[in-house]
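Chemist: Quick one: the structure is below, questions incoming.
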Amino acid sequence: MKRLIYLLCLLFISSLAISQNGVIKGKILDDEGQALEYANVLLLNASDSTLYKGGLSEEEGVFVFERIMNGSYFVSTSMVGFGEANSEVIVSDGASVVEIPTLKLSNGIEMDQVTVTAKKPFIELKADKMIVNVANSSVSAGNSALEVLEKSPGVIVDNNDNISLRGKQGVLVTINGKNQYMTGEEITRMLQNMPASNIQNIEIITQPSAKFDAEGNSGIINIVLKRNENLGTNGSIASSLRQGWKTSHNHSLNLNYRSEKVNVYGGGEYYNWGWKQNLDLVRDIPFEEGNTIFDQTATMDEDGDGYNLKLGMDWNITDHTTISLLGKMNSGSEVDLNDNETQISGDNMPGFDLLTVETIGNEETSDQTINANITHKFNDNGLTLNFDVDWSMYENNNFVNYDNFFMDLNGETVANPFYLRNDQETTIDIFASKLDLTIPVSEKVNLEIGGKVSMVETLNKTLFEHKNSEDQWVNEIERSNDFMYNEDVWAAYVNGSGSIGSYMIQAGLRMEHTKSVGESITLEEMVPREYTNLFPSVSVSRAINKTNNLSLTYSRRLERPNYRDLNPFENFLDQYTFEKGNPLLNPQYSNAFGLNYAMGRKLFVSLNYSHTKDAITQVIEQVSSENKTFQTNQNLDAYSNVSLTISMPKVWTEWWTSRINYTGFYNDFSSAIPSGTLDNNQLTHMVNLNNELQLPGNWAMEVSGRYQSGLTFGLFEIDPQGSLDFGFSKRLFDNRASVKIGISDVFRTRNSNVRIEQDDINLLVEQRNDTRRASVSFNYRFGNQKVKAARKRSTAAEEESGRI
């Protein structure tokens, strides 16, 4: 049946294309008359320059566009290292063959001089990063930023909301180059609430230069949000609706005004979301000569809403000096319901057979950020000074009730209920400032020097109370705690780049001095630290010929513990299952090496190796005599990762393009842990296959499949999983509007099964998420479509935000 449906779909799509019989063909040469293979060739509508068909030049530089409808077009071609060429207007009658004059591309054009006016490929590989162009993807319709991120090559989001890259955790996630000062869980929640329609592209930087903060063990994932790239007073409105087990929707408005000297921009977004998860957890806990079984089932149900506001201004004081201000405010709330039932059997019974816990939580979050920036260009040669200062404040209030009921197998109450409640308050204040100077030493050599200072103050209060026999709430002293963490980081860097013949070389050194103190006021414990580190980075690339490029990279990185992981708070599923922080965590350090190869736009290969010392990793600890199992973070002795990434775009026809991305990585963990000795390793394969089909009437179709084999990370063994997604998109109203329709995880196969079999810990988790969802989104742009955008820039608080 599935094969029949697939065959009918192909016949339908083919029938749509049969009526288009015109042909447009030509040849592309360089300025020396040599044929250029793999040049990017675009057939554009003459009326509005929108993309009609796209492809690559083949042998002898020849390109052919078939099944062309009656109309007026022109051809635009470009290639890495060359300029761009456009043909004259071509008129096709939809039946004849039209051969255009030969197009020539000029040699020696730098990438920053090339302007591409048509649709970008979904994945671009550059010397220092991979770019995933989200804006044109119909599969992303109505989806969240997190779901799009999960589709990016080599990116994994596990069942605990940890984001890893090529099998390595410790990723620094930034938004428009700015760190968000959040825990992994809070970053994930923010991305879940961010519509994919807000994203322009995702930059995956595995070997950042010395100019970047040293934070981020496995690299940086920078999410670039859309900015108004038009000129004039203009704006856009967008709405999306997503339906799975629960309903989510979001709506946004963005405005932009530019005069000769001043650009003012702003926007607002409201989101309402629902999330649900079913969890089965089985633990086999040894006790003397026997064991105790905890068979646990939980249903987690969350609903929330919130808003984001921003207002910014760029003021061009002179032709060389610009002052910018940016303010952002985010606020959100959610209600969490968790029904948890555990059936207990075995040799170490607690006096009841069934434990039922009803959890009700209310959480309020807010953050405000103010950024000021001054950029001054001393001359037209590129001598530039950039100064940033940031202040951010983050607040989180979370109040949770845990109602515990104890019964026998017949459902009869065997003990009095136990009522527990927890009131948590977290505040984080961040000040950061940085200064960057770019010095053009010569036409081929640039020097960058700069410095940064950041100061972070966090205060965490948690109060646990239980209800006694007199219905009075009494402080649980052993669980309540006040925890403070202050951290100052002073940094300086120098980074040089230039060319020698066919070689491009970049080398830099960054120094960071860190002083921190963690203090548990309640427990009267203090953990002071002070350390200075050097972080070198080197990159060498060579253009072997016009289509082949090779590069070698090295960098040293660190990962500091995020602020929540240092906090010894406890977060309960029930009294036998919980998680808590570890104030004794140390930073982890890694050395990473990379080898990259590109053959035009036909093949991309990246081979990477890294070794990490004191790797910060989630572990499970167990107190068998008390039947308690809890999750925390620890430093592992050693962790090694080897990865291979291969990307191959393939143009089958003018209306059908495929992208095949493969990532294989081998993780190896070895360390002494509280339960014994850890020695885990495994080879994992990830395959992404994406198909784009251009349909008549400005419609496009996208089919995307993803598979991940078994994965090992630390103690956790994760079973294989995969998914299949569909999407359609159409442009409307003279390309001012677009509608996108998508269906994610059609067969609901993205469930997560996790096992731990380590020493005396035997645990199985089966997680079923709300992954099969239908969605629709609509975007409309209004106003003058030729106003220049607000300038893109990063801010000082890039590294610190991601650790909230």
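The values are calculated or read from the model by the stated rules, or taken from the named source; none is laboratory data. Because the structure is predicted, anything quoted here is derived from the model rather than measured. Note that we place each Cβ from the backbone using ideal geometry, even for glycine, and neighbour counts take in every protein chain shown. Remember, those area values only see protein heavy atoms, side chains included, never the ligands or the DNA or RNA. Shrake-Rupley method; radii C 1.70, N 1.55, O 1.52, S 1.80 Å.
Chemist: Only one of PHE665, PHE747 is part of a loop (DSSP other than H, G, I, E, B) and in contact with a strand residue (DSSP E or B) (Cβ under 7 Å, 6 or more places away or on another chain). Can you tell me which?
Modeler: On the way: PHE665 fails: part of a loop (DSSP other than H, G, I, E, B).
Exactly one residue qualifies, and that residue is PHE747.
Chemist: Among the candidates GLY676, GLY727, which residue alone is open to solvent by less than 50 Å² (accessible area, probe 1.4 Å) and on the phi > 0 side of the Ramachandran plot? If you could, list the steps in order and put the result at the bottom.
Modeler: Numbers: GLY727 fails: on the phi > 0 side of the Ramachandran plot.
Exactly one residue qualifies, and that residue is GLY676.
Chemist: For the subset of region 707-720 comprising residues that are open to solvent by less than 30 Å² (accessible area, probe 1.4 Å) and part of a strand (DSSP E or B), which member is nearest to ASN688 (Cα to Cα)? Step through it out loud before you land on a result.
Modeler: Within region 707-720, the first condition is being open to solvent by less than 30 Å² (accessible area, probe 1.4 Å), and the residues that meet it are 708-716, 718.
Subset that is part of a strand (DSSP E or B): 708, 711-713, 716, 718.
Values: GLN708: 9, LEU711: 16, THR712: 20, PHE713: 21, PHE716: 23, ILE718: 18 Å.
Here the residue is GLN708.
Chemist: Please return the ranges of strands (runs of 3 or more DSSP E) entirely within region 3-97 where 1 or more residues are at pLDDT 80 or above.
Modeler: Working: elements: 22-30, 40-45, 51-56, 62-68, 71-78, 84-86, 90-92.
The strands (runs of 3 or more DSSP E) meeting that bar are 22-30, 40-45, 62-68, 71-78, 84-86, 90-92.
Chemist: Quick test for you: out of THR657, THR677, THR645, pick the one residue that is under 30 Å from GLU621 (Cα atoms) and in a strand (DSSP E or B). So that I can check it myself, show each step before the final result.
Modeler: Values: THR657 fails: under 30 Å from GLU621 (Cα atoms); THR645 fails: under 30 Å from GLU621 (Cα atoms).
After applying the criteria, what remains is THR677.
Chemist: Among the numbered criteria (1) more than 30 Å from PHE778 (Cβ to Cβ); (2) modelled with pLDDT of 90 or more; (3) of a type in the set (Val, Ile, Thr), which one does VAL264 miss?
Modeler: (1)
Chemist: Related question: Taking the residues in region 463-494 that are over 30 Å from TYR531 (Cβ atoms) and hydrophobic (A, V, I, L, M, F, W, C) as candidates, determine which candidate is modelled with the lowest pLDDT. Step through it out loud before you land on a result.
Modeler: Of all residues in region 463-494, those over 30 Å from TYR531 (Cβ atoms) come to 463-480.
Add one more test, that the residue is hydrophobic (A, V, I, L, M, F, W, C), and what stays is 463-464, 473-474, 477.
Working: LEU463: 94, PHE464: 93, TRP473: 96, VAL474: 96, ILE477: 87.
Selected residue: ILE477.
Chemist: Find the strands (runs of 3 or more DSSP E) located wholly in region 561-631 whose residues include 2 or more that are crowded, with 19+ Cβ neighbours inside 10 Å, and list them. Break it down stepwise before answering.
Modeler: Values: elements: 570-574, 577-580, 588-599, 603-623.
Correct list: 570-574, 588-599, 603-623.
Chemist: Among SER520, SER502, SER497, which is closer than 17 Å to THR427 by Cβ and either hydroxyl-bearing (Ser, Thr, Tyr) or at pLDDT 95 or above (or both)?
Modeler: SER520 is the lone residue from the list that is closer than 17 Å to THR427 by Cβ and either hydroxyl-bearing (Ser, Thr, Tyr) or at pLDDT 95 or above (or both).
Chemist: Same structure again: In region 496-539, how many residues are among the β-branched types (Val, Ile, Thr), open to solvent by less than 50 Å² (accessible area, probe 1.4 Å) and closer than 30 Å to SER78 by Cα? I'd like the intermediate steps shown before the answer.
Modeler: Here is the first cut: in region 496-539, the residues among the β-branched types (Val, Ile, Thr) are 500, 505, 514, 517, 521-522, 527, 532, 538.
With the extra rule that they be open to solvent by less than 50 Å² (accessible area, probe 1.4 Å), the set shrinks to 514, 517, 527.
Next, from what is left, pick out any that are closer than 30 Å to SER78 by Cα: none.
Selection size over region 496-539: 0.
Chemist: Mind checking which pairs have a first residue in region 676-696 that is modelled with pLDDT of 95 or more and a second that is crowded, with 21+ Cβ neighbours inside 10 Å and among the aliphatic types (A, V, I, L, M), Cβ under 6 Å, 6 or more apart or different chains?
Modeler: Sorted first by the residue in region 676-696, then by its partner, the pairs are THR684/LEU711.
Condition check ((1) of a type in the set (Asp, Glu); (2) within 27 Å of PRO568 (Cα to Cα); (3) within 36 Å of the chain's Cα centre (by Cα)) across all residues:
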{"site": "MET407", "(1), (2), (3)": "no, no, no"}
{"site": "THR413", "(1), (2), (3)": "no, no, no"}
{"site": "ASN416", "(1), (2), (3)": "no, no, no"}
{"site": "ASP423", "(1), (2), (3)": "yes, yes, yes"}
{"site": "ILE428", "(1), (2), (3)": "no, yes, yes"}
{"site": "SER433", "(1), (2), (3)": "no, no, yes"}
{"site": "ILE439", "(1), (2), (3)": "no, no, yes"}
{"site": "LEU447", "(1), (2), (3)": "no, no, yes"}
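Chemist: Same structure again: Please go through region 379-392 and pick out each residue that is modelled with pLDDT of 90 or more and surrounded by fewer than 16 Cβ atoms within 10 Å (Cβ to Cβ).
Modeler: First, the residues of region 379-392 that are modelled with pLDDT of 90 or more: 383-392.
The one that is modelled with pLDDT of 90 or more and surrounded by fewer than 16 Cβ atoms within 10 Å (Cβ to Cβ): LEU383.
Chemist: Also: Quick one: in region 324-344, which of the residues that are within 30 Å of the chain's Cα centre (by Cα) and surrounded by fewer than 17 Cβ atoms within 10 Å (Cβ to Cβ) is nearest to ASN373 (Cα to Cα)? Before you say what the answer is, go through the steps one by one.
Modeler: Of the residues in region 324-344, the ones within 30 Å of the chain's Cα centre (by Cα) are 324-338.
Add one more test, that the residue is surrounded by fewer than 17 Cβ atoms within 10 Å (Cβ to Cβ), and what stays is 325, 327, 329, 331, 333, 335, 337.
Working: LEU325: 6, GLY327: 12, MET329: 18, SER331: 25, SER333: 31, VAL335: 38, LEU337: 43 Å.
Per the criteria, the residue is LEU325.
Chemist: Cβ-Cβ below 7 Å, separation at least six or inter-chain, first residue in region 355-368 and exposed (fewer than 15 other Cβ atoms within 10 Å of the Cβ), second in a strand (DSSP E or B) and aliphatic (A, V, I, L, M): which pairs?
Modeler: Final answer for the pair search is ILE360/LEU337; ASN362/VAL335.
Chemist: Say whether the condition of being over 30 Å from PRO440 (Cα atoms) and out of contact with any strand residue (DSSP E or B) (no Cβ under 9 Å at 6 or more places or on another chain) is met by at least one residue in region 322-330. Working first, answer last.
Modeler: Just the residues of region 322-330 that are over 30 Å from PRO440 (Cα atoms), to begin with: 327-330.
Filter again for out of contact with any strand residue (DSSP E or B) (no Cβ under 9 Å at 6 or more places or on another chain), leaving none.
No; the residues of region 322-330 include none that is over 30 Å from PRO440 (Cα atoms) and out of contact with any strand residue (DSSP E or B) (no Cβ under 9 Å at 6 or more places or on another chain).
Chemist: Also, quick follow-up: So, in region 424-466, of the ones that are surrounded by 17 or more Cβ atoms within 10 Å (Cβ to Cβ) and small (Gly, Ala, Ser), which residue ends up nearest to MET504 (Cα to Cα)?
Modeler: Per the criteria, the residue is GLY450.
Rundown of residues vs (1) hydrophobic (A, V, I, L, M, F, W, C); (2) crowded, with 17+ Cβ neighbours inside 10 Å, yes/no style:
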site	(1), (2)
THR247	no, no
TYR265	no, yes
TYR271	no, yes
ASP280	no, no
ILE285	yes, yes
GLU288	no, no
GLN296	no, yes
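Chemist: Now for a different question. For residues that are among the basic types (Lys, Arg) and in a strand (DSSP E or B), scanning just region 540-560, find the one that is surrounded by the fewest Cβ atoms within 10 Å (Cβ to Cβ). Break it down stepwise before answering.
Modeler: Narrowing region 540-560 to residues among the basic types (Lys, Arg): 542, 546, 556-557, 560.
Among the residues that remain, those that are also in a strand (DSSP E or B) are: 542, 556-557.
On the way: ARG542: 15, ARG556: 17, ARG557: 27.
Only one residue tops the list, namely ARG542.
Chemist: So, one more: When residues of region 757-784 are filtered for being within 30 Å of PHE713 (Cα to Cα), part of a strand (DSSP E or B) and of a type in the set (Lys, Arg), how many remain?
Modeler: Result for region 757-784: 2.
Chemist: May I pose another question? Just to be sure I understand the filter: pairs with C-beta atoms under 6 Å, separated by 6 or more residues or on different chains, first member in region 738-755 and open to solvent by 10 Å² or more (accessible area, probe 1.4 Å), second member among the β-branched types (Val, Ile, Thr). Which pairs pass?
Modeler: Close Cβ pairs (under 6 Å, with a partner that is among the β-branched types (Val, Ile, Thr)) amount to ILE741/VAL776; ARG750/THR771.
Chemist: Please give the number of the condition PHE483 fails out of (1) in a strand (DSSP E or B); (2) of a type outside the set (D, E, K, R); (3) more than 30 Å from VAL357 (Cβ to Cβ).
Modeler: Failed condition: (3).
Chemist: Farther than 30 Å from ILE521 by Cβ, open to solvent by 50 Å² or more (accessible area, probe 1.4 Å) and of a type in the set (Val, Ile, Thr), is that true of ILE477? Spell out the reasoning first.
Modeler: Working: farther than 30 Å from ILE521 by Cβ: no; open to solvent by 50 Å² or more (accessible area, probe 1.4 Å): yes; of a type in the set (Val, Ile, Thr): yes.
When the stated conditions are applied, ILE477 does not pass them.
Chemist: Kindly indicate which of ASN571, ASN627, ASN591 is farther than 30 Å from THR342 by Cβ and not basic (Lys, Arg). Steps first, answer last, please.
Modeler: Working: ASN571 fails: farther than 30 Å from THR342 by Cβ; ASN627 fails: farther than 30 Å from THR342 by Cβ.
Checking each option against the conditions leaves just ASN591.
Chemist: Can we say ASN228 is farther than 30 Å from VAL765 by Cα and at pLDDT 85 or above?
Modeler: no
Chemist: Hey, any hits in region 298-307 for a residue that's of a type in the set (S, T, N, Q), open to solvent by 30 Å² or more (accessible area, probe 1.4 Å) and over 33 Å from the mean Cα position of the chain (by Cα)?
Modeler: Quick first cut of region 298-307, residues of a type in the set (S, T, N, Q) only: 299.
If we keep only those that are open to solvent by 30 Å² or more (accessible area, probe 1.4 Å) too, we end up with 299.
Of the ones still in play, those that are also over 33 Å from the mean Cα position of the chain (by Cα) are none.
Checked region 298-307: no residue is of a type in the set (S, T, N, Q), open to solvent by 30 Å² or more (accessible area, probe 1.4 Å) and over 33 Å from the mean Cα position of the chain (by Cα).
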